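Got a structure here, written out as structure tokens. Questions coming.
The values are calculated or read from the model by the stated rules, or taken from the named source; none is laboratory data. Everything numeric in this text was worked out from a predicted model, so none of it was measured. Glycine gets a Cβ as well: all are built from the backbone with ideal geometry, and neighbour counts include every protein chain shown. Surface areas here come from the heavy atoms of the whole protein model, side chains and all, with no ligands, DNA or RNA. Shrake-Rupley method; radii C 1.70, N 1.55, O 1.52, S 1.80 Å.
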Amino acid sequence: MATPAHSHYDAVIIGAGMSGLAAGIRLALFEKKVVILERHNAAGGLNSFYFKDGRKHDVGLHAMTNFVPPGPRAKGAPLTKVFRQLRLKREDFDLAEQNGSRIAWPGASLRFTNDFAVLESEVARAFPREIDGFRRLDAAVRAAAAESVALDTAPRSARAVLGEYVRDAVLADMLLLPLMYYGSAQEHDMEWPQFCIMWQALYHEGFARPFEGVRKVIHALTTKYRELGGERCMKCGVEKLRVRDGGVREIVLDGGKVITADKIISSAGLVETLRLCDDQPAEIERKSIGRLSFVETIAMLDQQPHALGWDDTIIFFNDAERLHYARPEELVDPRSGVICCPNNYQYSGGRQLPEGILRVTAQANFDRWMALAPDTTAYTAEKKEWFARLQAEALKFLPGDHPLLTLERHTLATDMFTPRTVLHFTGHLDGAIYGSKRKVRDGRTHLANLFLCGTDQGFLGITGAMLSGITMANVHILGAGGRD
Ligand SMILES: Cc1cc2nc3c(=O)[nH]c(=O)nc-3n(C[C@H](O)[C@H](O)[C@H](O)COP(=O)(O)OP(=O)(O)OC[C@H]3O[C@@H](n4cnc5c(N)ncnc54)[C@H](O)[C@@H]3O)c2cc1C
């Protein structure tokens with residue numbers, strides 16, 4: 001276990017995920033004495049990667065949202081702000097745009113790309129009576145842009161607002177599905193400001209991916225942080241925060257070593273961070289813990305997906321009349337989910353990933369997976385069964401006569417991660433993929449020098465998490481000096 005080089009810092013950051021690394025770069029840029037403490041052995045948090053049978057697998061990455069190409073659309077966009085504030089160049093992420101994605105329902109399909117006009121024309125085609133409402137909804141989202149990222153914005157039901165513009169329940173569910181799967185910590189609904197952020201991130205802007213996957217982004221962030229003189233300690237968890245006189249006075253590390261800091265930014269999550277504080281009861285905020293967790297199946301193929309007739313980048317599918325976005329009773333709810341082909345991006349120079357990849361994500365029940373001891377026959381059998389059931393359900397939405405048979409014929413290797421994996425990579429209680437149901441937009445806690453960033457501050461996704469780290473570092477530590 002690495003330990004910090006100094007006993008006192010201007011700032012300590014808990015977690016080397018996307019938000020913690022971005023906050024660290026910001027602070028190092030302004031010559032703050034800063035250390036990032038990470039319990040895991042790899043940086044990236046939820047968006048990390050692992051090795052299995054000689055292959056590197058991304059944990060989270062399907063797509064980086066918020067992609068804007070260089071040019072007029074890039075002005076003022078979140079991704080532009082990330083590059084500018086972190087002093088990174090576009091080339092550092094090597095982003096390639098998606099081919100195109102789909103929202104697929106029984107009997108209805110909406111295609112969308114990084115050009116919003118495509119989604120608009122698809123709604124006009126499939127739901128002609130709803131197109132005026134859809135356009136008014138889009139205008140309402142655009143009008144709410146500033147309010148949705150404000151740090152003091154009030155929560156409101158997105159479903160309620162959506163209902164004011166879209167009368168067709170299927171269209172409302174179709175529009176919600178991608179936004180929920182990529183960023184709602186709430187069951188059945190999401191907050192209106194979060195809906196607006198995700199609408200912009202997915203529908204106005206869009207998807208891109210680095211050729212090398214999430215490793216490229218992690219490498220760019222960790223390299224920049226190191227070049228600026230920032231210190232990072234891996235396998236160095238924070239065990240406890242000792243509180244006195246309304247502030248954190250001591251930071252106790254897993255091995256027992258104690259350090260101090262003027263200010264602390266935590267990306268560990270709201271409930272998880274409060275539970276580190278020794279002035280809080282151990283069972284604090286149980287009701288705020290998120291209930292949503294995911295499984296993901298990964299199939300490595302001996303063909304590129306497009307050679308099998310599968311050209312979509314991402315397919316958000318639902319095989320029921322209405323969308324059910326909630327913790328399932330069973331281990332997995334295979335009725336809805338996300339299919340992703342990381343091959344289906346427009347990589348520069350005609351590059352292509354060496355093997356085909358098909359990933360399928362669906363909602364899962366954390367308690368039921370945790371009740372199965374890992375590496376037992378029962379755990380392995382359930383993984384096998386749900387892998388097959390999820391593939392069978394999802395592949396109905398791929399083109400071709402027998403997509404499931406085609407997949408089986410071309411599969412070289414498979415893997416599957418469960419809520420256990422999410423817990424392992426993030427430390428999120430209940431494997432809550434998008435953290436707590438309660439978001440703390442201003443990042444403040446009950447303590448004067450302890451702040452939150454990342455998932456539970458409320459800006460989600462890779463770009464959102466980086467923006468969160470930047471914003472919290474600017475607002476709570478750099479103050480006026482951090483404006484640039
Ligand atoms: C399956 C899946 C797919 C996703 N796909 C995408 C995608 O395609 N595109 C996209 O934009 N977003 C995606 N996301 C969302 C994205 O991964 C997250 O929003 C983002 O990574 C969150 O970053 P973070 O820094 O807030 O938190 P985290 O990634 O959770 O990082 C927190 C870090 O803190 C560390 N930590 C926790 N407690 C302690 C402690 N006590 N001491 C020290 N360290 C501690 C953890 O180990 C972790 O490294 C996906 C998420 C999932 C689950």
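Got a number for residues in the stretch 419-459 being among the hydroxyl-bearing types (Ser, Thr, Tyr), more than 11 Å from the ligand (Cβ to nearest atom) and modelled with pLDDT under 95?
So the count comes out to 1.
Based on this model, can you work out whether ASP152 counts as out of contact with any helix residue (DSSP H, G or I) (no Cβ under 6 Å at 6 or more places or on another chain) and surrounded by 15 or more Cβ atoms within 10 Å (Cβ to Cβ)?
No, not satisfied.
Right, next: Residues being open to solvent by 40 Å² or more (accessible area, probe 1.4 Å), in a loop (DSSP other than H, G, I, E, B) and touching a residue at least 60 places away in the same chain (Cβ under 8 Å): count how many of those fall in the stretch 34-55.
Summing the residues that are open to solvent by 40 Å² or more (accessible area, probe 1.4 Å), in a loop (DSSP other than H, G, I, E, B) and touching a residue at least 60 places away in the same chain (Cβ under 8 Å) in the stretch 34-55 gives 3.
For ASP173, only one of the following conditions fails: (1) among the charged types (D, E, K, R); (2) in contact with a strand residue (DSSP E or B) (Cβ under 9 Å, 6 or more places away or on another chain); (3) assigned to a loop (DSSP other than H, G, I, E, B). What is its number?
Unmet for ASP173, out of (1) among the charged types (D, E, K, R); (2) in contact with a strand residue (DSSP E or B) (Cβ under 9 Å, 6 or more places away or on another chain); (3) assigned to a loop (DSSP other than H, G, I, E, B): (3).
Within the stretch 11-28, does at least one residue satisfy the condition of being open to solvent by 40 Å² or more (accessible area, probe 1.4 Å) and more than 9 Å from the ligand (Cβ to nearest atom)? Break it down stepwise before answering.
Within the stretch 11-28, the first condition is being open to solvent by 40 Å² or more (accessible area, probe 1.4 Å), and the residues that meet it are none.
No, there is no match, as no residue in the stretch 11-28 is open to solvent by 40 Å² or more (accessible area, probe 1.4 Å) and more than 9 Å from the ligand (Cβ to nearest atom).
Right, MET174: within 13 Å of the ligand (Cβ to nearest atom), touching a Phe, Trp or Tyr at 6+ places or on another chain (Cβ under 8 Å) and at pLDDT 95 or above or not?
No, not satisfied.
Another question about this same structure. What residue, of ILE314, ILE357, ILE339, is more than 30 Å from ASP254 (Cα to Cα), within 20 Å of the chain's Cα centre (by Cα) and open to solvent by 10 Å² or more (accessible area, probe 1.4 Å)?
Only one candidate passes the filter, namely ILE357.
May I pose another question? For the structure I just gave you, tell me whether LEU202 is out of contact with any Asp or Glu (no Cβ under 8 Å at 6 or more places or on another chain), surrounded by 23 or more Cβ atoms within 10 Å (Cβ to Cβ) and in contact (Cβ under 8 Å) with a residue 60 or more places away in the chain.
yes
A follow-up question, please. Quick check on ASP138: is it part of a loop (DSSP other than H, G, I, E, B) and either open to solvent by less than 70 Å² (accessible area, probe 1.4 Å) or in contact (Cβ under 8 Å) with a residue 40 or more places away in the chain (or both)?
Numbers: part of a loop (DSSP other than H, G, I, E, B): no; either open to solvent by less than 70 Å² (accessible area, probe 1.4 Å) or in contact (Cβ under 8 Å) with a residue 40 or more places away in the chain (or both): yes.
So ASP138 fails the test.
So how many residues does the stretch 393-439 have that are open to solvent by less than 20 Å² (accessible area, probe 1.4 Å) and over 19 Å from LYS52 (Cα atoms)?
11
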